[in-house]
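Trainee: I'd like to ask some things about the structure below.
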Amino acid sequence: MDYVSALVPPVVMAAFFIALVRVIVKTQGGAAKAKEDAAVDAAMARVQSGPSAAGGTSTEA
């Protein structure tokens, strides 16, 4: 019966991992997708514009 106690933790962890991946995949998209995409696009635009646009000083040479 040692083999059963050795196999239970990995099997349980695998089951929870599969469940987590399924939840992540199922929650992608939906009604809030456009809002989330817009927030990511705005954040990327801020990062690409650099710190000088936010009033900070640039550290680039």
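Trainee: With the convex hull built on the Cα atoms of segment 2-46, state its orientation-averaged projected area in nm². Walk me through the intermediate numbers first.
Mentor: Numbers: hull surface 17.5 nm².
Mean projected area of the Cα convex hull: 4.4 nm².
Trainee: Could I ask something else about it? Label points 7 Å out from Cα along the Cβ direction at A19 and A43: separation in nm?
Mentor: Calculated label separation equals 2.7 nm.
Trainee: Considering the options I24, P10, A38, tell which one lies farthest towards the positive end of the dipole of segment 2-46, charges being +1 on Lys and Arg and -1 on Asp and Glu at the Cβ, about the Cα centre.
Mentor: Positive-end residue among those listed: A38.
Trainee: Same structure, new question: Suppose every Lys and Arg Cβ carries +1 and every Asp and Glu Cβ carries -1, with no other charges. What dipole size does segment 2-46 come out with about its Cα centre, to the nearest 20 debye? Intermediate results must be reported in sequence, preceding the final value.
Mentor: Details: 5 positive and 4 negative charges, 39 e Å.
Roughly 180 debye, rounded to the nearest 20.
Trainee: Now for a different question. Please give, to one decimal in nm, the separation of the simple spin-label points placed at V4 and A31, each 7 Å out from Cα toward the Cβ.
Mentor: It is 4.7 nm.
Here, each number is a calculation from the coordinates, and none is a lab measurement. If you're wondering where the values come from, they're calculated on a predicted model, not measured in any experiment. Every residue, glycine among them, receives a Cβ derived from its backbone with ideal geometry; neighbour counts consider all protein chains shown.
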